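For reference, the structure is listed below as structure tokens.
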Amino acid sequence: MKIKFLIIAISLSCFSFSQDYNATMSVHKNELKLTSYVKDSTASALVIYDYGNSYVDKNTFWLRTEIKQKIKILRTNGIERGEFEIKLYKGKSSEEKIKSIKGTTYNLDNDRIIKTELTEDAIFEEENDDYKLVKFVLPNVKVGSIITVSYETQSRFMTKFQPWYFQGQDPVLYSEYNTSIPGNYEYHIKLVGTLPFDTHDKRLEKRCIEGRANSYADCAVSKYVMKDIPAYKPEAFTTTSLNYTSRIEYELSVIKGFDGSINKYTKNWDVVDRELKTDKDFGKQIGKKSLVKNILPNSISIIEDHLTKANAIYQFVLNNYKWNGKSERYDVSVKNLIKEKVGSVFEINLLLENLLTSEGFKTFPVLMSTRGNGFATKIYPVLSDFNYVIVKTTIQGKDYFLDATDPYHSFGELPFRCLNQYGRLIDFDNESHWEPINVNGFSARTHRVEVVLSEDDLISGNIKSNFTSYHSNKFKQQYDENPVDYIDNKANNYNNIIITDHEVLDFDKTQPKFSESIDFSIEPEYIGNKIYLNPFIIKFFEENPFKLQERTYPIDFGFKDIYTYSLKIDVNDSFKILENPTSMQYALPENAGSLIFNTESKNNQIVVYFKVKFNNTLYSREFYPYLKTFMDKVVEIQNNTVIVLEKQ
């Protein structure tokens, strides 16, 4: 029997390997003496050796997976690594098994290695309807211990070949996964994450599995190795860890029986498109003009300008139908939404699609996976990956993506949860395709501050703040829901000034902007006859959000940013300007961002201008050191800039 390989092109690179630890299951005294891991001084534990081997048993045809691990405990909160929980799936006619559980804790006592074995009475099972949990805790685990664990799982469920996680919460010195897949089974193989393999060997093993009547299959044998794998540590400006944790996953595509039978498990998009067209929760809810007949008021239907009309329809849905927070594609009924006025994202946005279509707009639903749900698989259709739907329409040659679940987003502006790079546009007349979802414009936050230093030594001033697009939405919602609380919270947030007056200058929740004015005063602190004043009354970043030694996943802002701050200080004749900050400029490589800080003083007036600009929404992990240094400079300027004034 012939076997098919899915070949993944991967660039190989050489990794350095630590000689302090022995990447095998044997434990040595020098390893027990070690107290840290030089490449990650913050690590709570270190996985020294991680080994897996998955293959189909020649006699039972069950999938068997051998697991071996060796872990060093480095900190107190790493002691919990000695607690294990293995989930075994239960089906109608079979259930997964676990065999040969072994565990040992190694400690050093008076320069002697002390071994403590896991006993059978420390292994517990917890039964559930769909799975069984096998739990055990290794004995005598403490800081400095090394633990080893091995076991084997057995499964009849070949629909999902055993996945392998190379990366996790702890750094890993060596991870090896071996697979042997008979030609009877064809899998889509998906490599997730950005880390390359040190080793990726492939070979063909002849007649690895034999059936009746001299039938047989060859096996695709693979060996995957990664070394010196950094821990996956969550940090700001990313989506879910599921998008980037380095691992291999398998999705069964075809089973070929020894009797010549062929069973297909995954489908192509042509098949899925046809199924979606007749799906009661999707296709049957689209393009139903009779369903939305007479819903729109005549004042909207008679609008002639296309963009104005589309915007009015969008606002009509926002104003009359509320999202219930549900986003999955099940029990979808646009008819029920029209009656109850409350519904899921599928119901609300498919109602929007129906209304736009009924008024002559060409619209398409776009299936999506939100930022917290992970990327939808592109290699093959997996409908369960999609947990959201939006609408695309084109007006006067310009594309608009619409989501009518949030009243604080303007026409054509998607909620932040939807900024997950791409979606699947469903076109029943032609064919579906992947649609990039990008935010082209900048979201801006601007503060213009004017300060007067009076003769009675009181500093007073005014802040005019403008927020656009994604920076405006939070403020619009907070102010609209409770104006009193909004002002009170503003006073608490700006605890370095005394707010004497506050006025909202521009608020319309349908528009992508919000502006306000704040009058304030400050009591200056003297050191001798000098005032030391930080010109940043408002700071964009109190600290650098990038703190990791190494980040293994991209930086995803979701949208492009501009932060602008300007300050003008009028100094009266009773003060002299002694010290003014030094101007500076700094840029990220490849025109990816810039920092401008200018200061000028003349005629008893000081002017400060500060601008931070990010030109990309997404930065690769290779950019992380540059962004980290960039943000160090941003924070340094805001926190440590000083203007010195002397009392005459």
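The values are calculated or read from the model by the stated rules, or taken from the named source; none is laboratory data. All of these numbers come straight from a predicted model, not from anything done at the bench. Reconstructed Cβ throughout: ideal geometry from the backbone, glycine too, with neighbour counts over all protein chains shown. Keep in mind that these areas ignore ligands, DNA and RNA; they rest on the heavy atoms of the full protein, side chains included. Shrake-Rupley method; radii C 1.70, N 1.55, O 1.52, S 1.80 Å.
In the chain, Rg over Rh equals 1.04, where Rg is the alpha-carbon radius of gyration and Rh the Kirkwood radius from pairwise Cα distances. If you take every DSSP beta bridge whose two residues both sit in the range 269-436, what share of them, in percent to the nearest 5, is antiparallel? Approximately 90 percent, going by the DSSP bridge assignments. One decimal place: the segment D427-E340 gains 28.4 nm when fully extended, by the rule 0.36 nm per residue minus the C-alpha distance. Shape call for the range 383-469 from the C-alpha gyration tensor, a ≥ b ≥ c root eigenvalues: rounded (a/c under 1.5), prolate (a/b greater than b/c) or oblate? Judged from the Cα gyration tensor, the range 383-469 comes out prolate (a/c at least 1.5, a/b above b/c). With each label modelled as a point 7 angstrom along the Cα→C-beta vector, the Q396-V271 pair spans 4.5 nm.
Are there any trypsin sites (Lys or Arg not before Pro) in the range 76-149 that are in a DSSP loop and have at most 14 other Cβ atoms within 10 Å? List them by number.
Details: sites: R81, K87, K90, K92, K97, K99, K102, R112, K115, K132, K135, K142; in loops: K92, K142.
Those that pass, being in a loop and sparsely packed, are K92, K142.
Here the Karplus relation 6.51 cos²θ - 1.76 cosθ + 1.60, evaluated at θ = phi - 60°, turns the backbone of the range 366-378 into coupling constants of 10, 6, 9, 10, 6, 4, x, 9, x, 6, 6, 5, 9 Hz, with x for every Gly and Pro.
Return the percentage of antiparallel bridges among DSSP beta bridges fully within the chain, rounded to the nearest 5 %.
Values: 160 of 181 bridges.
Percentage antiparallel, nearest 5: 90.
Derived scalar couplings between HN and Hα for the range 492-498 equal 6, 5, 9, 7, 8, 10, 9 Hz in order, rounded to whole Hz, by the Karplus curve 6.51 cos²θ - 1.76 cosθ + 1.60 (θ = phi - 60°), x for Gly and Pro.
The mean of 1/r over all pairs of different alpha-carbon atoms in the range 442-647, once inverted, gives a Kirkwood hydrodynamic radius of 18.6 Å. Dividing the mean sequence gap of close Cα pairs (under 8 Å, 6+ apart) by how many residues the range 29-263 holds gives a relative contact order of 22 percent. Shape of the range 533-648 from the C-alpha gyration tensor: prolate (a/c of 1.5 or more and a/b above b/c, with a ≥ b ≥ c the square roots of its eigenvalues). The Cβ shell under 13 Å around L191 holds other residues with a net charge of +1, Lys and Arg each +1, Asp and Glu each -1.
Beyond 28 Å, the tail of the calculated P(r) for the range 29-263 holds 40 percent of the Cα pairs. When the chymotrypsin sites (Phe, Trp or Tyr not before Pro) in the range 441-513 are filtered for DSSP coil states and for at most 16 other beta-carbon atoms within 10 Å of their beta-carbon, the remaining sites are Y494. Across the chain, the mean sequence separation of Cα contacts (distance under 8 Å, 6 or more residues apart), normalised by length, yields a relative contact order of 9 percent. Against the chain, whose longest principal axis comes from its Cα atoms, helix 306-320 is set at around 80 degrees.
Taking R0 as 51 Å, what FRET efficiency do you get between N320 and E450 from their Cβ-Cβ distance, rounded to the nearest 0.05?
On the way: r = 43 Å, r/R0 = 0.85.
So, using R0 = 51 Å, E works out to roughly 0.70.
For the Cα atoms of the chain, what angle does the longest principal axis make with the long axis of helix 345-358, in degrees from 0 to 90, nearest 10? With both axes taken from Cα atoms, the answer is about 70 degrees. Counting only protein heavy atoms and a 1.4 Å probe, tell me what percentage of the range 246-392's accessible area is made up of carbon and sulfur. Carbon and sulfur: 47 percent of the exposed surface of the range 246-392. Full extension of the chain segment joining S94 with I255 gains 56.1 nm, where the gain is 0.36 nm per residue of separation less the Cα-Cα distance. Take the Cα of S26, step 7 Å toward its Cβ, do the same at E205, and the gap between the two points is 2.6 nm. Converting phi to 3J(HN,Hα) with the Karplus coefficients 6.51, -1.76 and 1.60 and the offset θ = phi - 60°, the range 637-644 yields 4, 5, 8, 10, 6, 9, 10, 10 Hz in sequence order, with x at every glycine or proline. As a fraction of the 1.4 Å probe accessible area of the range 29-115, surface on carbon and sulfur atoms comes out at 44 percent.
Our helix-only sum for the chain, with -39,500 (n - 2.57) per DSSP H run of n ≥ 4 divided by its residues, gives a mean residue ellipticity at 222 nm of -4500 deg cm²/dmol.
Here the accessible area is traced with a 1.4 Å probe on the protein chains. For the range 166-235, carbon and sulfur cover 45 percent of it.
What does the accessible area per residue of the chain come to in Å², with a 1.4 Å probe and no ligands, DNA or RNA counted? Working shown, then result.
Values: 31530 Å² over 648 residues.
Normalised by residue count, the accessible surface of the chain is 49 Å².
As a quick test, which of the pairs K280/K339; K233/K378; K227/K628 have an alpha carbon distance above 22 angstrom in this structure? Please report the intermediate quantities before stating the final value.
Working: K280/K339 18 Å; K233/K378 26 Å; K227/K628 25 Å.
Violating the 22 Å Cα-Cα cut-off are K233/K378; K227/K628.
With a Cα-only, solvent-free Debye model of the range 269-436, what are the log10 I(q)/I(0) values at q = 0.08, 0.18, 0.20 Å⁻¹? Summing over Cα pairs of the range 269-436 leads to -0.21, -1.16, -1.47.
Considering only DSSP states other than H, G, I, E and B, which GluC sites (Glu not before Pro) in the range 443-512 qualify as loop sites with at most 12 other Cβ atoms within 10 Å? Mind dumping the intermediate values first?
Values: sites: E450, E455, E481, E503; in loops: E455.
Answer by residue number: E455.
With the charge dipole of the chain set up from +1 on Lys and Arg Cβ and -1 on Asp and Glu Cβ about the Cα centre, the Cα lying farthest toward the positive end among the listed residues T552, Q638, A220 is that of A220. Ranking G91, T60, G78 by how far each Cα lies toward the positive end of the dipole of the range 30-104 (charges on Cβ) leaves T60 at the top. Assign one of three labels to the range 595-648, namely rounded, prolate or oblate, based on the Cα gyration tensor with a ≥ b ≥ c the square roots of its eigenvalues; rounded applies when a/c is under 1.5, prolate when it is not and a/b is larger than b/c, and oblate otherwise. Because a/c hits 1.5 or more and a/b exceeds b/c, the range 595-648 counts as prolate.
Based on the Kirkwood radius over alpha-carbon pairs, what value in µm²/s does the Stokes-Einstein equation return for the translational diffusion coefficient of the range 261-339 at 37 °C and 0.692 mPa s?
Numbers: Rh = 15.6 Å.
D, rounded to a whole number, is 210 µm²/s.
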